[in-house]
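Undergrad: What follows is a structure written as structure tokens; I'll ask about it next.
The values are calculated or read from the model by the stated rules, or taken from the named source; none is laboratory data. Quantities reported herein were computed from a predicted structural model and do not represent experimental measurements. Don't worry about glycine lacking a Cβ; one is built from the backbone with ideal geometry, like all the others, and counts go over all protein chains shown. When the accessible area is computed, the model is the full protein with side chains, heavy atoms only, and any ligands, DNA or RNA have been set aside. Shrake-Rupley method; radii C 1.70, N 1.55, O 1.52, S 1.80 Å.
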Amino acid sequence: QVQLVESGGGLVQPGGSLRLSCAASGFQFGVNAMAWYRQAPGKGRELVARISLGGVTTYSDSVKGRFTISRNNDKDTVYLQMKGLKHEDTAVYYCNRFPIWIPWGQGTQVTVST
């Protein structure tokens, strides 16, 4: 069964940090590029960061220099380290295969607020 389970979200103050995790199962994780997406209230889903099979990373301009995507192929897990969080980073964060999606997980809520 193909499954993505995101975790690690929460409430954090501006300038704070969070580390998100996404555990994948049911497909060959190690031969797929993976990505993190987010969806803020009233907005569409946005590609935040992606990582290739070999670990090459790409970021959206809005998070470049603050977020780091990584992967552990032994654990079938992809991570998103977020630092310097801003109010506008508030969203539900999802991971998925890139570029061809599989069924989405439930996501993890990140709220940046004082």
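Undergrad: Which residues, counting only those in region 55-91, are touching a residue at least 60 places away in the same chain (Cβ under 8 Å) and within 19 Å of Phe27 (Cβ to Cβ)? Spell out the reasoning first.
TA: To start, the set of residues in region 55-91 that are touching a residue at least 60 places away in the same chain (Cβ under 8 Å) comprises 79-87.
The one that is touching a residue at least 60 places away in the same chain (Cβ under 8 Å) and within 19 Å of Phe27 (Cβ to Cβ): Tyr79.
Undergrad: Answer yes or no as to whether Gly54 is open to solvent by 40 Å² or more (accessible area, probe 1.4 Å), of a type in the set (Gly, Ala, Ser), in contact with a Gly (Cβ under 9 Å, 6 or more places away or on another chain) and not in a strand (DSSP E or B). Walk me through it before giving the result.
TA: Details: open to solvent by 40 Å² or more (accessible area, probe 1.4 Å): yes; of a type in the set (Gly, Ala, Ser): yes; in contact with a Gly (Cβ under 9 Å, 6 or more places away or on another chain): no; not in a strand (DSSP E or B): yes.
No, not satisfied.
Undergrad: Mind listing just one residue for me: the one in region 27-51 that is small (Gly, Ala, Ser) and in contact (Cβ under 8 Å) with a residue 60 or more places away in the chain and, of those, most open to solvent (accessible area, probe 1.4 Å)?
TA: Ala33
Undergrad: Moving on to the next point. Could you run through region 57-74 and say how many residues are of a type in the set (Gly, Ala, Ser) and assigned to a strand (DSSP E or B)? Write out each step before concluding.
TA: Residues of region 57-74 of a type in the set (Gly, Ala, Ser): 60, 62, 65, 70.
In the following step, the residues that additionally are assigned to a strand (DSSP E or B) were identified as 70.
So the answer is 1.
Undergrad: So Leu85 passes all but one of these: (1) of a type in the set (A, V, I, L, M); (2) in a strand (DSSP E or B); (3) out of contact with any Phe, Trp or Tyr (no Cβ under 7 Å at 6 or more places or on another chain). Which condition number does it fail?
TA: Result: Leu85 passes all but (2).
Undergrad: When region 1-35 is examined, which residues are found to be assigned to a loop (DSSP other than H, G, I, E, B) and either under 17 Å from Val92 (Cα atoms) or small (Gly, Ala, Ser) (or both)? Lay out the reasoning, then the answer.
TA: Applying the first criterion (assigned to a loop (DSSP other than H, G, I, E, B)) to region 1-35 yields 1-2, 8-9, 13-17, 26-28, 32.
Answer for region 1-35, where residues must be assigned to a loop (DSSP other than H, G, I, E, B) and either under 17 Å from Val92 (Cα atoms) or small (Gly, Ala, Ser) (or both): Gly8, Gly9, Gln13, Pro14, Gly15, Gly16, Ser17, Gly26.
Undergrad: Sort out which residues of region 87-100 are surrounded by 13 or more Cβ atoms within 10 Å (Cβ to Cβ) and not β-branched (Val, Ile, Thr), and write them in order of number.
TA: Initially, region 87-100 is screened for residues surrounded by 13 or more Cβ atoms within 10 Å (Cβ to Cβ), giving 89-98.
Within region 87-100, Asp89, Ala91, Tyr93, Tyr94, Cys95, Asn96, Arg97, Phe98 meet the criteria.
Undergrad: In region 9-20, is there at least one residue being small (Gly, Ala, Ser), crowded, with 17+ Cβ neighbours inside 10 Å and modelled with pLDDT of 95 or more?
TA: Within region 9-20 (the criterion being small (Gly, Ala, Ser), crowded, with 17+ Cβ neighbours inside 10 Å and modelled with pLDDT of 95 or more), the answer is yes, since at least one residue qualifies.
Undergrad: Taking the criterion of being assigned to a loop (DSSP other than H, G, I, E, B) and free of Cβ contacts under 8 Å to residues at least 12 places away in the same chain, would at least one residue in region 92-106 satisfy it? Don't jump to the end; show me each part of the working.
TA: Residues of region 92-106 that are assigned to a loop (DSSP other than H, G, I, E, B), as a first pass: 99-106.
Now narrow it down to the ones that are free of Cβ contacts under 8 Å to residues at least 12 places away in the same chain: 100-101.
Checked against the condition, which is being assigned to a loop (DSSP other than H, G, I, E, B) and free of Cβ contacts under 8 Å to residues at least 12 places away in the same chain, region 92-106 yields at least one hit.
Undergrad: Also: Residue check, Ile69 against (1) crowded, with 18+ Cβ neighbours inside 10 Å; (2) in contact with a Leu (Cβ under 8 Å, 6 or more places away or on another chain); (3) under 18 Å from Lys43 (Cβ atoms), all met but one. Which one?
TA: Exception for Ile69: condition (3).
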